[in-house]
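The values are calculated or read from the model by the stated rules, or taken from the named source; none is laboratory data. In this text the structure is predicted, and so the values were computed from the model without any measurement. Cβ: placed from backbone, ideal geometry, glycine included. Neighbour counts: every protein chain shown. What goes into the accessible areas is simple: the full protein's heavy atoms, side chains included, and nothing from ligands, DNA or RNA. Shrake-Rupley method; radii C 1.70, N 1.55, O 1.52, S 1.80 Å.
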Amino acid sequence: MDVIKMILIALLLTFLCILTLSYAILFSIAMKGRPVDALKYYDKDFDAIDKMDGHKSNITILKSLSKLIPRITINKRRRNQLELDLIKADIPLKVEELQMLRFIISLLIAFTGYSITYDSILSLIIFIIIWMIPRIIINRRKNKRLLLFNEQINEAVMIISNSLKAGYSFLQALSVVVEETEDPLSKEFKRLLKEMRLGASTEDAFNNMLKRIDSEDLKLIVNAILIQKDIGGKLSEILDNIAETIRERQKIQMELKTLTAQGKLSGLIIMLIPVFLGVILYLFNRELIMLLFTTTMGITMLVTAVVNQFIGLVIIRKIVTIEM
C-alpha cells in the first residue's frame, strides 16, 4: 500500500507540474500579438498603461485555468483590493494569475511535505503558510516602494520648482524629474506623463497616480498643483514651501519611528512566541498538543488565547501608532 500511495503522490505531483508549465506557456502565447505590444516596441515601460486597462485574454483555455481557482477563493471586493495592491507593489501580475500560482505552488509543497511525513495536519499547516507568503511579500514590497517614493519626493519637488524658475513648462519640468530621479519615483512620473500625453486631464492623471501611490506627501503636492491650476499663482514658490513642510514632516516621522521601534518589536515577538512553541510541541510531543484540539477545555483555552493575542496586538498597535 505504501508503494501504491507513493506512486499516486508522484503522479499527482507530476500532473501539477505539467499544469503549471502549461499555464505559463499558454499565458506567454496569450500575451503575444496584442495591439498594446506594438507600443512596447517604442517604449519598454508602456506596460503600466496596459496594466491599468485590465485586458483579458482571448484564449478560452487560459480563461478557464486562470479563473477556476480565483472565483472559488476570492470575492469581488477582495479581488479589487488585491489588484490595487499588486499595482502599488509594481508586480506585473493579474489577480487571476497570482491566485492560480499561489494555489498550485501551495498544493505542490503541501503534497511534498505529506509524501515525506504522511501527516495530513502538518501538510494543511504548510499549505496555509505557503498560501499566505505571497500576500506578505506583496505588502512588504508595497511598503518598501512607498518608503522609497517618500524619500525621493522632496527631490522631485525641488527639481520641478527649479525647472519652473528656469523657464521650463510644467510638462517639461515633469520630464526633468523622470530623467534625473530613480525608481520608483521616476517610473511613476513617467506613467503620469504618458497618461497626460495620451489625452488624460491633469487632474485625472494625478488622481490615478494617487491610487498607485498612497503617500500623504504626494497628496499635499497634488492638491497644491491642482489648486494653483484653478486659481493661479506662482507654482515654484508654492512648491518651495511644500518642500520645506515635507522635510520637517519626514524629520518628525523618523524620530517617531525610532521611539516606537522597540514597542513594535516587542509586540511581534509576543505574538510569535505561542505559535513557535506550539509548533515545537507538535513536533516533539504530539499527544500533548493535540489535547488543545480534541478536548472541550483545550478548544476553549485555544480560542481564549487567540482572542487575547488579537486584543493585545491591537492595543500595542494603537500605542505605537501616532498619526500626523
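Data overview
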{"quantity": "Residue count, the range 70-94 (criterion: at pLDDT below 80, open to solvent by less than 30 Å² (accessible area, probe 1.4 Å) and outside any loop (DSSP other than H, G, I, E, B))", "calculated": "1"}
{"quantity": "Check on I280, farther than 30 Å from L302 by Cα and part of a helix (DSSP H, G or I)", "calculated": "no"}
{"quantity": "Filtered residues of the range 302-324 (kept if open to solvent by 90 Å² or more (accessible area, probe 1.4 Å) and assigned to a loop (DSSP other than H, G, I, E, B))", "calculated": "I322, E323, M324"}
{"quantity": "Qualifying residue in the range 250-262 (condition: in contact (Cβ under 8 Å) with a residue 60 or more places away in the chain, out of contact with any Asp or Glu (no Cβ under 9 Å at 6 or more places or on another chain), within 30 Å of D85 (Cβ to Cβ) and open to solvent by 60 Å² or more (accessible area, probe 1.4 Å))", "calculated": "yes"}
{"quantity": "Of residues in the range 190-217 being of a type in the set (A, V, I, L, M, F, W, C) and more than 17 Å from the chain's Cα centre (by Cα), the one most open to solvent (accessible area, probe 1.4 Å)", "calculated": "L198"}
{"quantity": "Residue list for the range 159-189, filter: on the phi < 0 side of the Ramachandran plot, surrounded by fewer than 17 Cβ atoms within 10 Å (Cβ to Cβ) and more than 23 Å from the chain's Cα centre (by Cα)", "calculated": "N162, K165, A166, Y168, S169, F170, L171, Q172, S175, E179, E180"}
{"quantity": "Qualifying residue in the range 100-117 (condition: within 24 Å of the chain's Cα centre (by Cα), among the charged types (D, E, K, R) and open to solvent by less than 20 Å² (accessible area, probe 1.4 Å))", "calculated": "no"}
{"quantity": "Filtered residues of the range 227-249 (kept if open to solvent by less than 30 Å² (accessible area, probe 1.4 Å) and of a type in the set (A, V, I, L, M))", "calculated": "L235, L239, I242, A243, I246"}
{"quantity": "Options I289, I299: the member that is assigned to a helix (DSSP H, G or I), open to solvent by 70 Å² or more (accessible area, probe 1.4 Å) and of a type in the set (V, I, T)", "calculated": "I299"}
{"quantity": "Hey, E195 outside any helix (DSSP H, G or I) and at pLDDT 85 or above or not", "calculated": "no"}
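Residues checked against (1) small (G, A, S); (2) in contact with a Phe, Trp or Tyr (Cβ under 6 Å, 6 or more places away or on another chain); (3) under 30 Å from F170 (Cβ atoms):
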{"site": "R197", "(1), (2), (3)": "no, no, yes"}
{"site": "V222", "(1), (2), (3)": "no, yes, yes"}
{"site": "E237", "(1), (2), (3)": "no, no, yes"}
{"site": "G267", "(1), (2), (3)": "yes, no, no"}
{"site": "P274", "(1), (2), (3)": "no, no, no"}
{"site": "T300", "(1), (2), (3)": "no, no, no"}
